[in-house]
1. Considering all alpha-carbon pairs of chain A, what whole percent are spaced by more than 19 angstrom?
2. Please state the relative contact order of segment A:4-63 as a whole percent: Cα pairs under 8 Å, 6+ residues apart?
3. Filter A:2/B:41; A:42/B:66; A:42/B:41; A:56/B:41 down to the pairs with a C-alpha to C-alpha distance above 21 Å, please.
4. Once you average over the residues of A:41-53, how many Cβ atoms of partner chains fall within 10 Å of each Cβ?
5. For the modelled label position 7 Å from the Cα of residue B:82 along Cα-to-Cβ, which residues of segment B:1-39 have backbone nitrogen atoms closer than 16 Å?
6. Using a cut-off of 23 Å between alpha-carbon atoms, which lysines can reach residue B:64, once sequence neighbours fewer than 8 places away in the same chain are excluded?
7. May I ask for the percentage of alpha-carbon pairs in the protein assembly as shown that lie more than 32 Å from each other?
8. Any chance you could check the Cα centroid distance between segment A:32-46 and segment B:73-116 for me, in angstrom?
Amino acid sequence: QKEVEQDPGPLSVPEGAIVSLNCTYSNSAFQYFMWYRQYSRKGPELLMYTYSSGNKEDGRFTAQVDKSSKYISLFIRDSQPSDSATYLCAMRFDNYGQNFVFGPGTRLSVLP
Amino acid sequence: GAVVSQHPSRVICKSGTSVKIECRSLDFQATTMFWYRQFPKQSLMLMATSNEGSKATYEQGVEKDKFLINHASLTLSTLTVTSAHPEDSSFYICSARDPRASETQYFGPGTRLLVL
């Protein structure tokens, strides 16, 4: 079992739809959870980060962490064609020296 | 958010030559930087962790003599691909941890390497 799993997609939705992106993980010691967006041929860009369980909202984006289920989600409301990208989840332990573990990424296409 | 730059953004070289890629944190000092490689339509693969003032830590399977990492200052890390071969062609991305927000990691724009 991989440490972090994510459906690679591609996921295609019509413009305006609500998008749900998810990751599951196996190590309950993860404490920090991040979502990155990566456009083709570009470096990943940090979208959201959360600490431990709960929800965090930023504009059209909502990050949700359920530690009991080892499951994290990113919701995108009113999706736009410009949201078309690969979305990577990442997580790390509560240890400054520890690197991040990334999911494989989900390719999202928002169709106009 | 914090800014990380990479140079060059794209490089084409002949097989057998060495290529140096620079990664700079522009508005913060990064004691730790990371180097990733990404093949088309695949996720990031961590190659090594670069620590300022000490040797880099390489991931299993990454040849430290082929991928030389130098973290000479708190704002600069370099990755040198020595004696590059076509199979080294890839997208190389660096990232830096912002000590002002230890849980976050900011990525550079990436360097596309093509070895002919």
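What follows is calculated from the coordinates using simple rules that are stated; it is not laboratory data. None of the values given here were measured: they were computed from a predicted structure. Cβ coordinates were reconstructed from backbone atoms using ideal geometry, including for glycine residues, and neighbour counts include every protein chain displayed.
1. 41
2. Relative contact order here is 23 percent.
3. Values: A:2/B:41 18 Å; A:42/B:66 24 Å; A:42/B:41 12 Å; A:56/B:41 29 Å.
Correct reply: A:42/B:66; A:56/B:41.
4. On the way: counts 8, 7, 17, 12, 4, 9, 0, 0, 4, 1, 1, 0, 0.
Average neighbour count from other chains, rounded to a whole number: 5.
5. B:16-21
6. In chain and number order, the partners are B:14, B:20, B:55.
7. 19
8. Distance between centres, Cα-based: 14 Å.
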